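I have placed the structure first, in the form of structure tokens, so that the comments after it can refer back to it.
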Amino acid sequence: MNRHLYYEHIKQVLHRNEYVIGKGMRESEIAATQDFYDIVFPPDLKNLLMSFMPIGENFYEWNDYSPQNVEYIKSMLDRPIHGVLFDVEHNNLWLKAWGGKPNKLNRQIEHVRKYMERVPKLIPIYAHRYISSVPDEAGNPVYSVYQTDIIFYGKDIWDYFEVEFNEKDQQDIEFDKIKQIPFWHELITNIDKM
């Protein structure tokens with residue numbers, strides 16, 4: 001299916017679920033938003049946002065710079081990292097990738113915070129569903145993120161919309177075809193082995 005047909009399909013799915021389809025963002029608005037939030041939209045999310053803007057509860061209005069909306073988006077951008085830090089502090093989480101575990105909790109948190117600065121950022125799409133910001137790459141998986149309770153919610157953004165709005169069952173995701181995003185993929189697939 002070509003990109004235009006995907007967009008039309010997503011619009012139909014959103015209409016069926018009573019969401020509003022807003023005007024897409026211009027290239028200059030995308031660039032300003034990325035600069036403002038220090039993020040990079042992956043190409044498929046960028047192209048979707050340029051085609052149309054889903055509007056309604058749980059969607060993000062990237063071109064709304066009201067103080068309340070900016071604070072909300074920033075909090076959601078920080079949420080995945082805060083969730084990992086929360087599990088370090090309260091649930092004794094320590095991953096092998098982080099190396100030797102410092103004895104003191106404050107050093108553990110500082111070590112993990114610095115490590116997390118290097119992992120691909122997650123960008124919220126809808127509620128606590130996120131896509132990786134690996135730039136210049138389409139086809140990134142979408143995750144459902146709650147602290148380190150993270151699961152795949154779509155092998156890509158198109159798959160995700162079908163799962164989220166009950167066009168496809170989450171169990172029908174082609175898990176063997178999911179692109180591996182550094183850190184996040186390992187966290188999901190190895191969390192029980194840490």
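What follows is calculated from the coordinates using simple rules that are stated; it is not laboratory data. Treat the numbers as computed from the prediction; the structure is a model and nothing was measured. Reconstructed Cβ throughout: ideal geometry from the backbone, glycine too, with neighbour counts over all protein chains shown.
Which of the trypsin sites (Lys or Arg not before Pro) across the range 1-95 are loop residues per DSSP, with 14 or fewer other Cβ within 10 Å? Counting only loop positions with at most 14 other Cβ atoms within 10 Å, the trypsin sites (Lys or Arg not before Pro) in the range 1-95 are Arg26.
Listed by chain and number, the aspartates and glutamates whose C-alpha is less than 14 Å from the C-alpha of Lys74, apart from same-chain residues fewer than 8 away, are Asp35, Asp38, Glu61, Asp64. The calculated FRET efficiency for the pair His4 and Asn69, based on their C-beta separation and a Förster distance of 30 Å, comes to about 0.55.
Under the combined filter of DSSP loop state and at most 13 neighbouring Cβ atoms within 10 Å, the range 92-156 retains these trypsin sites (Lys or Arg not before Pro): Lys104, Arg118.
Toward the positive end of the charge dipole of the chain, with +1 on the Cβ of Lys and Arg and -1 on the Cβ of Asp and Glu, the farthest Cα among Leu85, Gln147, Met50 is that of Leu85.
Determine the dipole magnitude for the chain: charges of +1 sit on the beta-carbon of Lys and Arg, -1 on that of Asp and Glu, nothing else is charged, the reference point is the Cα centre, and the result goes in debye to the nearest 20.
Values: 22 positive and 30 negative charges, 135 e Å.
With only Lys, Arg, Asp and Glu charged at Cβ, the dipole is about 640 debye.
Rg and Dmax over the alpha-carbon atoms of the chain stand at 17.3, 54 Å.
Around the amide H of Tyr153, modelled in the peptide plane, lie the amide H atoms of Val142, Tyr143, Ser144, all under 5 Å away and 5 or more residues distant in sequence or on another chain. Within straight-line reach of Lys104, meaning a Cα separation under 18 Å, sit the following lysines at least 8 residues removed in sequence or on another chain: Lys96, Lys114. The phi torsions of the range 173-178, fed into the Karplus equation with coefficients 6.51, -1.76 and 1.60 and a -60° offset, translate into couplings of 5, 7, 4, 6, 9, 6 Hz, rounded to whole numbers, with Gly and Pro shown as x. Take every pair of alpha-carbon atoms less than 8 Å apart whose residues are at least six positions apart; their mean separation over the length of the chain yields a relative contact order of 20 percent.
Looking at the range 24-75, which chymotrypsin sites (Phe, Trp or Tyr not before Pro) are in a loop (DSSP not H, G, I, E or B) and have at most 15 other Cβ atoms within 10 Å? Before the final figure, lay out each step's value.
Numbers: sites: Phe36, Tyr37, Phe52, Phe59, Tyr60, Trp62, Tyr65, Tyr72; in loops: Tyr60, Trp62, Tyr65.
Hits after loop and neighbour filter: Tyr65.
Cβ under 14 Å from Arg16's Cβ, Arg16 left aside: what net charge do those residues give with Lys, Arg +1 and Asp, Glu -1? Its environment carries a net charge of -3.
Can you give the helix-only mean residue ellipticity at 222 nm for the chain, where every DSSP H stretch with n ≥ 4 adds -39500 (n - 2.57) and the sum goes over all residues, rounded to the nearest 500 deg cm²/dmol?
Mean residue ellipticity, 222 nm, calculated: -14000 deg cm²/dmol.
Take every pair of alpha-carbon atoms less than 8 Å apart whose residues are at least six positions apart; their mean separation over the length of the range 84-178 yields a relative contact order of 16 percent. Annotation: amide H-H contacts under 5 Å for Ala127 (H modelled 1.01 Å from N, sequence separation of 5 or more, or interchain): Phe59.
The residues packed around Asn63, meaning those with a beta-carbon under 11 Å from its beta-carbon, carry a net charge of -1 if Lys and Arg are +1 and Asp and Glu are -1.
Can you bin the range 139-179 into rounded, prolate or oblate? Criterion: square roots of the alpha carbon gyration tensor eigenvalues sorted a ≥ b ≥ c, rounded for a/c under 1.5, prolate for a/b above b/c, oblate for the rest.
Working: a/c = 1.66, a/b = 1.24, b/c = 1.34.
Oblate is the answer for the range 139-179, as a/c is 1.5 or above yet b/c matches or exceeds a/b.
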